[in-house]
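Enquirer: Take this structure first; my questions come after.
Values in this text are rule-based calculations from the coordinates and carry no lab data. From a predicted model like this one, the values you see are computed outputs, not experimental measurements. All Cβ positions, even for glycine, are placed from backbone atoms using ideal geometry, and neighbour counts span all protein chains on display.
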Amino acid sequence: MAIARLFHYAFDAVLLSTVAAGVRRSSGFTPDSASISDPTLRSIADRYLGVGESIFDMIQATAVNSAYFKRDTKGPR
């Protein structure tokens, strides 16, 4: 039971990091990890956000190579 809960929390953390990566890619806004004074916590935050970037890159590569997705050429509405 505890392993399942730990797995669930880890999955949620990766999901939030991936959403943060998507926000950064679409709007340019990103959490300012330079404002964290402790170097260890800053490193952990940068790695956490880097995991989201990696997952977002994998999802984007999958979508680009999939027949189920197409590029919208009209632009934003």
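Enquirer: Show the residue pairs that are 6+ apart or on different chains and have beta-carbon atoms under 7 Å apart, the first residue being within segment 45-70 and aliphatic (A, V, I, L, M), the second being loosely packed, with under 13 Cβ neighbours inside 10 Å.
Expert: Listed by first residue and then by second, the contacts come to ALA63/PHE69.
Enquirer: Oh, and also: For segment 12-35, name all the residues that are loosely packed, with under 10 Cβ neighbours inside 10 Å and at negative phi. Break it down into steps so the answer makes sense when it comes.
Expert: Residues of segment 12-35 loosely packed, with under 10 Cβ neighbours inside 10 Å: 26-29, 32, 34-35.
SER26, SER27, PHE29, ASP32, ALA34, SER35, listed by residue number.
Enquirer: Would you be able to tell me the number of residues in segment 38-72 that are surrounded by fewer than 12 Cβ atoms within 10 Å (Cβ to Cβ), under 21 Å from GLY28 (Cα atoms) and either in contact with a Phe, Trp or Tyr (Cβ under 8 Å, 6 or more places away or on another chain) or among the acidic types (Asp, Glu) (or both)?
Expert: 1
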